Every structure is written in structure tokens, then in C-alpha cells.
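The values are calculated or read from the model by the stated rules, or taken from the named source; none is laboratory data. The shown structure was predicted, so the numbers you read here are calculated from the model rather than taken from an experiment. Here Cβ is always computed from backbone atoms with ideal geometry, including for glycine, and neighbour counts include all displayed protein chains.
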Amino acid sequence: MEADRETAAFFTVVHRQRACRAFRTDPIDDETVARVLEAATAAPSAENRQPWVFVVVRDPDTRAAIGDLMRQVWEGGARTFSEARLAPELLADVDRGVRGGVAAAPVLIVVGADTTLAHPATVGASLFPAVQNLLLAATALGLGSVLTTLAMSGGSDELASLVGLPSTVTPVAVVPLGWPERRLRPARRRTLSEVAHRETYGNCW
């Protein structure tokens, strides 16, 4: 049945989605990028205000400048903070991504929040469902992607300036898009018995 195939396809994409920080240089056409963005705009948002803004960056110099912002934050203390929190393999992957892998993606999507449309308290509830849709759509199309926020950690003004955002739009994330350089390994996730509870906390699933 068609419904069964759609259901199977959905769960396949959900379980395949994972962070990608190393990309081939092959370009991505506008039609493919548009499909990803349309999926993002299908997300729910508080009061249906749809405050998302997406700036598609292909220019190599701008992508390199965004990568520099990320690297400055990483080398300025974020890496030291992460050393004690990340497994060595994951730390190495993030390190490679920050030091050039992410900026090497053929497309960087700067995700912004239009503050004239969203109450500050609901920005996250509106923007990050859209980003998740974007990540899932990229996976469905065979693209690699990852949600990054390092470029905002050192202050968002420089990033906003790089992509010409007005003062009413605040950048909240940068998502690279590209064809994965290598096959991505399956994601490791905690089991339901570790994270889900029946009726009250402690009654494990």
C-alpha cells in the first residue's frame, strides 16, 4: 500500500539522518536547494508566524569568512570546553569540521529569525523545527548536513554583516549542505528504556 511505503520511507530517513562535516565540492543546483528550503518552511511555528529567514551562501569568500568565525570561537575556548565532554572520535570529527570541513560545503544556509514576526520567547520553538525539516529533507535527497551554532557564539553581528541581514533579523544557525565525502556511519542513540518513562519518571519504558 502507498501509505505503508510512505511510512517506511519516513522512518528510513529519520534513522539515516546524522551530522555530516566533510563534503565533496560538487555543486548543488537551485532546484535541489529549493526542495530542501520548502521542506523547512513546512514546519510548524508559534502562532504560525513563520519567522524564518534563509540566506543561501555559495560565494567561496563568504563561506571562508563564516568558517573563520567558527574557527575563532572553537580555538578561543569552545574546543577546550568540548574536550572533556565529547568522545575522542566525535571531538576529532567536530575539529575537522570547524577547521575547514563545514566551510568547504558548496552551500551554507544561514538561518535567521525575523524578530518583527516572532516573540523572543518563541524563536527557538519556531526556528528549530524548520531546521530539523531542512536536515531531514537533505538526508532524503542524499545530501549531508549538520546544525551548527558556533558562528553565533562569538556574537552574531559579524555573521549578520557577512550575509547582509537587517537589524530585525537575528542569525540562529548555519547549516552546510553538500554531498557527503564518505559514507556516514549509523547514528548511536540511547535506548528508549534509558530516556522514556511510563506515567511518572522512573517507570522505564
Query raised in the report: Taking segment 18-55, which residues are touching a helix residue (DSSP H, G or I) at 6+ places or on another chain (Cβ under 6 Å), surrounded by 14 or more Cβ atoms within 10 Å (Cβ to Cβ) and not aromatic (Phe, Trp, Tyr)?
Result: ARG21, ALA22, VAL36, ALA39, ALA40, ALA43, SER45, ALA46, PRO51
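Being more than 30 Å from ASP114 (Cβ to Cβ) and touching a helix residue (DSSP H, G or I) at 6+ places or on another chain (Cβ under 9 Å) is the filter here; which residues of segment 157-188 pass it?
As a first pass, look at segment 157-188 and keep what is more than 30 Å from ASP114 (Cβ to Cβ): 179-188.
Listed by number, the residues that qualify are GLU181, LEU184, PRO186, ALA187.
Among what's in segment 75-98 and is surrounded by 16 or more Cβ atoms within 10 Å (Cβ to Cβ) and over 17 Å from the mean Cα position of the chain (by Cα), pick the residue that is modelled with the highest pLDDT. Steps first, answer last, please.
Restricting attention to segment 75-98, the residues satisfying the condition of being surrounded by 16 or more Cβ atoms within 10 Å (Cβ to Cβ) are 78-79, 93-95, 97-98.
Okay, now just the ones that are also over 17 Å from the mean Cα position of the chain (by Cα), so 78-79.
On the way: ALA78: 86, ARG79: 89.
The qualifying residue modelled with the highest pLDDT is ARG79.
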Report summary line: Residue pairs within 6 Å by beta carbon, gap of at least six or interchain, first lying in segment 33-56 and under 21 Å from THR115 (Cβ atoms), second surrounded by fewer than 19 Cβ atoms within 10 Å (Cβ to Cβ) and of a type outside the set (A, V, I, L, M), listed first then second, are LEU37/PHE54; ALA43/PRO129; PRO44/PRO129; ALA46/THR122
Query raised in the report: In segment 136-184, which residue that is assigned to a loop (DSSP other than H, G, I, E, B) and free of Cβ contacts under 8 Å to residues at least 24 places away in the same chain is surrounded by the fewest Cβ atoms within 10 Å (Cβ to Cβ)?
Result: ARG183
